[in-house]
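The values are calculated or read from the model by the stated rules, or taken from the named source; none is laboratory data. Since this is a predicted model, take the numbers as computed values, not measurements. Don't worry about glycine lacking a Cβ; one is built from the backbone with ideal geometry, like all the others, and counts go over all protein chains shown. Calculation scope for accessible area: heavy atoms of the full protein, side chains included, ligands and nucleic acids excluded. Shrake-Rupley method; radii C 1.70, N 1.55, O 1.52, S 1.80 Å.
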Amino acid sequence: VQLQASGGGLVQAGGSLRLACAASGRAFSGAHMYWFRQAPGKEREFVAAISWRGYSINYADSVKGRFTISRDNTKNTVYLQMDNLKPEDTAVYYCAADLNYYNDPKSSDMDYWGKGTQVTVSS
């Protein structure tokens, strides 16, 4: 699976951004999708997960109620709608894929990674 994230940018606190992750390759079929983020000087952390058919969805506590993960398998694309953004959401956001579903994965659990997209939230 090849993954390409896009949609990052600079936004003021309280604003919104929508990230997209386009996937290619046969292995996308059946793959569960994830978003992680990494702030400067910090470890990469889990943000959101969605199962292959979208029946299971999980979020990190820090983004619950503000972020929404979704997917369109006809377009091989996963989205992360981020609302009410806070300065502490500033990070490089990465999409990842794995054939196993994890409620709260570690970055080492993921088989496939895309290049990140920078999200900067100003106060």
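Here are the numbers for the structure shown:
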read-out	value
Straight-distance crosslink candidates among aspartates and glutamates, where the alpha carbon sits under 15 Å from Lys86 and sequence neighbours closer than 8 are dropped	Asp61
Segment 72-105 versus segment 1-45: alpha-carbon centroid distance in Å	5 Å
Among Leu99, Leu19, Leu80, residue whose mean-square fluctuation peaks in a GNM of the chain (springs only between Cα atoms under 10 Å)	Leu99
Karplus-derived HN-Hα couplings along segment 49-61 (A = 6.51, B = -1.76, C = 1.60, θ = phi - 60°), whole Hz, x at Gly and Pro	9, 9, 6, 3, 9, x, 6, 10, 9, 9, 10, 5, 4
In Å², nearest 10: area of Phe67 left accessible to a 1.4 Å probe	10 Å²
Cα gyration tensor shape for segment 12-65, rounded if a/c is under 1.5, else prolate or oblate	prolate
Most to least accessible of Glu45, Glu88 (protein chains only, probe 1.4 Å)	Glu88, Glu45
Cβ charges +1 (Lys, Arg) and -1 (Asp, Glu), total dipole of the chain, debye	280 debye
Cα-based Rg / Dmax (Å) for the chain	13.2, 42
Gaussian network model of the chain, springs between alpha carbon atoms under 10 Å - residue of Ser108, Ser62, Ser70 with greatest fluctuation	Ser108
Accessible area per residue, Å², the chain with all protein chains present, probe 1.4 Å	52 Å²
Kirkwood hydrodynamic radius over Cα pairs of segment 55-123, then Stokes diffusion coefficient at 20 °C and 1.002 mPa s, in µm²/s	158 µm²/s
Carbon plus sulfur fraction of accessible area for the chain, probe 1.4 Å, in percent	45 percent
